[in-house]
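This report refers to the structure that appears directly beneath it.
The values are calculated or read from the model by the stated rules, or taken from the named source; none is laboratory data. What you see is a predicted model, and the numbers here were worked out from it, not measured in a lab. No Cβ is skipped: glycine too gets one built from the backbone with ideal geometry, and neighbour counts run over all protein chains shown. Please note that ligands, DNA and RNA were not included when accessible areas were found on the heavy atoms of the full protein model with its side chains. Shrake-Rupley method; radii C 1.70, N 1.55, O 1.52, S 1.80 Å.
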Amino acid sequence: MGVDVERVRPRLRGDVYVMRVPEGAYIRSNLGGSILKGASTYEFVQRIAPMLDGTRTLGELCAVVPESSRAAAAKMIMLLLAKGYVKNVLDDRPHTLSDELAATYAANISFIEYFTDSPELRFETYRDGPVVLTGSGPLLQALANSQLRAGVRTVPLAPFGESPFDRDRVQEHLEASRALDPEQRIVDLEADVERLDLLAADATMVLHVADRPMVERARRLPGAAVAAGAAFAQTVVAGDEAWIGPVIAGNGDPTAWESAWRRLSALAPDLVGADLRDHPEVAPSGFLRGPTVALVANQLCFAAFRQLTGIDGGPGNDGGTGADAGRRSDHLVRFDLESLETSKHAFLPHPLARPVVPDDPARLAALTTAAPVGDEELARRAVDFVDPRTGVLAEVTERDHEQLPLFVSEVVVSDPVGLAGGPFAVHGCGETVVESRQRAVRRAFERYAAVMVDARKGDRLHGLDVLTGEPVAVDAAQVFPARTVASGDDWAAAVRAAVVAAANDAVGAALSTATGPLPLLDLDTAELTPRAERYRKLLAIVEESFEVHDLSGLLGLPTFAFTTPAGTVAHVSDLDVAAALEQGLERTLLAYQARATEQPAYAPAPVPELPPHLRATAAPERAAAPRSVTLEEAVAGLTREGGRVVAVPLDHDAAVAGACPFVVRAVVLHG
């Protein structure tokens, strides 16, 4: 037979069904279905199925089959094993679960078996481990019922007082459950908000439910559970939504729930509980009643069942000592109390939920040699940061924006610490939708980093002198919130872009000191990139008149003001003249598109108006394009009165900085 018959102990899965069909037998389980051909196949499978109970090896099974049928029986069993309808339970660990209990909870055991081994032992471990239930109101009552129905022997209950808790109703649940499982009981615990550690003592897991935003308690409970070596999960209701999870292992990250809630609040700052405080005064949702309460509780109970039986990589897999024992789920489940719809929402650690990481100047050396991250790679990485409710970025979309002559994409960015006044949209444009999306994503990461400040890092942050590479400490107030910010494919490109951004930020101040007309640039004599030429032709096609004034003499690097009859639409700077002109023509075209379609959302950011008295108009005042400059010359223009320019990485969110490492603010230190 080509197999060691004593090393196979076959057991038919509990979800297997066999039906007669003209070809023979149709066999089906949750894994799928198959047709086994043969006139007598159906009868043959039906005869051997009762023997496939996992109590005998393949050799022992064949020994009790007539000799003439042994080869066929062995072949059929191995075929069923290969297709997954039969499991080899030879290595399943022993258990002491009685036959009566195994029959009572056969469905639960079969579910475990679908995912992993030793299902009886895993269920027995789950049943005997104390899972403490705490919270308040009907949700806690329903959770107790769910746990009893799931098969736990003892249900420790610790109700808090913000919502009425009906102990008589819970007793009714217990009596109904004891009709099938007489060993079940409920133990009352004291719920003391000042001694949450007592709730987790000796528990294998703590489950918490709150029918209103008891956020401070929800933040503290995971730490108490993990400190006691207990797993943790909870459901918190805010408005008409219940948020379930994440499941935190006994040696997992106790800050996971706070990270999730902070991410949620960063995209919904009006959410009750966004202030991270308890709100017992808030009335529960009017939709949290009847069967809906049980559905929410069942979701949490099911998450605990999966964790404690090892289905989701919990301690059931290896006794809690393996590599997966500390793994936590990185998502919340949203349950809409009105529609009963559920959705899964991934989240990343939030810096303020975790211990502070001091600002370390040693990281700067690694940045200067780090591998480049181009636009295509950054867009690919951004996928992990997008979620409509708990993401760093809520969505990447074109909405209903006009897509001619330029493609326009939009990204909604979360407000991680409240500096931006709520989530905000950024836009990117380009000649293709791929380009507009990539630009929008890069801009989104830049703007997020500009408002993500961890004040716990202190009053001094470290950067590198742009010219010497020397580490320099800078006042944090000069860095955050960052009005001007830039990024690049690598550190050098990011520093270059940040210096240009800092120079461009000084245009308004420079204009206030200008005295004479600024030269009118003759584009016919300027060297334009192919893209810039296309933009110029498009502006001619739409009959958008514009002028370009040369401001380079004010700042020490190529800088231009683009004006139209509607006003000044752009100030652009760059070390390279052609690059600056391309950017200016693109913004002029985008400004026209936004104005013509009455879609101001994606129009270029307003810039100081170029006063009429500074606009040269006579032909003799037209000038050829200035020359390009070096980085050193640009820095010299920013430090004419002495000082230095320091490039400070905006990396206070480690997860975001890992994906987009080269986001920089150039700080000009005078003196």
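At-a-glance table
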{"quantity": "Residue pairs meeting the criteria (Cβ under 8 Å; at least 6 apart or on separate chains; first farther than 12 Å from residue 213 by Cβ, in segment 270-292; second open to solvent by less than 60 Å² (accessible area, probe 1.4 Å) and part of a loop (DSSP other than H, G, I, E, B))", "calculated": "287/337; 288/211; 288/337; 292/337"}
{"quantity": "Failed item, numbered, when residue 138 is tested on (1) open to solvent by 10 Å² or more (accessible area, probe 1.4 Å); (2) farther than 30 Å from residue 285 by Cα; (3) of a type outside the set (Gly, Ala, Ser)", "calculated": "(2)"}
{"quantity": "Residues of segment 228-241 satisfying the condition of being within 16 Å of residue 134 (Cα to Cα) and outside any loop (DSSP other than H, G, I, E, B)", "calculated": "231, 232, 233, 234, 235, 236, 237"}
{"quantity": "Which listed residue, of 42, 85, is surrounded by fewer than 20 Cβ atoms within 10 Å (Cβ to Cβ) and touching a Lys or Arg at 6+ places or on another chain (Cβ under 7 Å)", "calculated": "42"}
{"quantity": "Positions within segment 1-50 being part of a strand (DSSP E or B) and aliphatic (A, V, I, L, M), in sequence order", "calculated": "12, 18, 19, 21, 25, 27, 35, 36"}
{"quantity": "Residues being open to solvent by 20 Å² or more (accessible area, probe 1.4 Å) and either more than 24 Å from the chain's Cα centre (by Cα) or charged (D, E, K, R) (or both) - total across segment 286-307", "calculated": "10"}
{"quantity": "Filter result for the condition that a residue is among the aliphatic types (A, V, I, L, M), touching a residue at least 24 places away in the same chain (Cβ under 8 Å) and outside any strand (DSSP E or B), over 656, 667, 645", "calculated": "656"}
{"quantity": "Members of segment 324-375 that are open to solvent by less than 60 Å² (accessible area, probe 1.4 Å), at pLDDT 95 or above and basic (Lys, Arg)", "calculated": "334"}
{"quantity": "Residue ID - farthest from residue 472 (Cα to Cα), chosen from residues in segment 352-388 that are basic (Lys, Arg) and touching a residue at least 24 places away in the same chain (Cβ under 8 Å)", "calculated": "381"}
{"quantity": "Test: residue 215 is within 32 Å of the chain's Cα centre (by Cα) and surrounded by fewer than 19 Cβ atoms within 10 Å (Cβ to Cβ)", "calculated": "no"}
{"quantity": "Residue selected from segment 99-119 under the condition closer than 22 Å to residue 51 by Cβ and among the polar types (S, T, N, Q), by the criterion most open to solvent (accessible area, probe 1.4 Å)", "calculated": "110"}
{"quantity": "Conditions (1) surrounded by 24 or more Cβ atoms within 10 Å (Cβ to Cβ); (2) on the phi < 0 side of the Ramachandran plot; (3) in contact with a strand residue (DSSP E or B) (Cβ under 9 Å, 6 or more places away or on another chain): number failed by residue 122", "calculated": "(3)"}
{"quantity": "Residue count for segment 376-404, restricted to those that are open to solvent by 20 Å² or more (accessible area, probe 1.4 Å), of a type outside the set (A, V, I, L, M) and under 16 Å from residue 659 (Cα atoms)", "calculated": "5"}
{"quantity": "Candidates 113, 100 - the one that is within 44 Å of the chain's Cα centre (by Cα) and among the charged types (D, E, K, R)", "calculated": "113"}
{"quantity": "Top-ranked residue of segment 447-469 - restricted to ones that are in contact with a strand residue (DSSP E or B) (Cβ under 7 Å, 6 or more places away or on another chain) and assigned to a loop (DSSP other than H, G, I, E, B), ranked as least open to solvent (accessible area, probe 1.4 Å)", "calculated": "466"}
{"quantity": "Within segment 515-627, strands (runs of 3 or more DSSP E) holding 2 or more residues that are open to solvent by less than 30 Å² (accessible area, probe 1.4 Å) and more than 23 Å from residue 499 (Cβ to Cβ)", "calculated": "559-564, 567-573"}
{"quantity": "Subset of segment 1-16 [closer than 16 Å to residue 113 by Cβ and either without any contact (Cβ under 8 Å) to a residue 40 or more places away in the chain or open to solvent by 50 Å² or more (accessible area, probe 1.4 Å) (or both)]", "calculated": "9, 14"}
{"quantity": "Pair list, Cβ under 7 Å, 6 or more apart: segment 132-150 residue more than 21 Å from residue 204 (Cβ to Cβ), other residue aromatic (Phe, Trp, Tyr)", "calculated": "136/160; 136/165; 137/165; 141/165"}
{"quantity": "Where a residue in segment 23-51 is at pLDDT 90 or above and of a type in the set (A, V, I, L, M) and its partner, wherever it lies, is assigned to a helix (DSSP H, G or I) and open to solvent by 30 Å² or more (accessible area, probe 1.4 Å), with Cβ under 8 Å and at least six apart", "calculated": "25/42; 27/83; 36/79"}
{"quantity": "Restricting segment 267-292 to residues that are among the aliphatic types (A, V, I, L, M) and in a loop (DSSP other than H, G, I, E, B), the residue that is nearest to residue 393 (Cα to Cα)", "calculated": "268"}
{"quantity": "Contacts under 7 angstrom Cβ, first residue in segment 173-200 being farther than 18 Å from residue 163 by Cα and open to solvent by 90 Å² or more (accessible area, probe 1.4 Å), partner among the acidic types (Asp, Glu) and not in a helix (DSSP H, G or I), 6 or more apart", "calculated": "198/192"}
{"quantity": "Number of the exception - residue 422 against (1) part of a loop (DSSP other than H, G, I, E, B); (2) at negative phi", "calculated": "(2)"}
{"quantity": "Residue identified as of a type in the set (Gly, Ala, Ser) and not in a loop (DSSP other than H, G, I, E, B) among 339, 343", "calculated": "343"}
{"quantity": "So residue 260, is it farther than 21 Å from residue 345 by Cα, in contact with a strand residue (DSSP E or B) (Cβ under 6 Å, 6 or more places away or on another chain), open to solvent by less than 20 Å² (accessible area, probe 1.4 Å) and not in a strand (DSSP E or B)", "calculated": "no"}
{"quantity": "Matching option when the condition is within 38 Å of the chain's Cα centre (by Cα) and more than 25 Å from residue 635 (Cβ to Cβ), among 500, 472, 451", "calculated": "451"}
{"quantity": "Some residue of segment 599-612 being closer than 22 Å to residue 519 by Cβ, among the hydrophobic types (A, V, I, L, M, F, W, C) and in contact with a Pro (Cβ under 7 Å, 6 or more places away or on another chain)", "calculated": "no"}
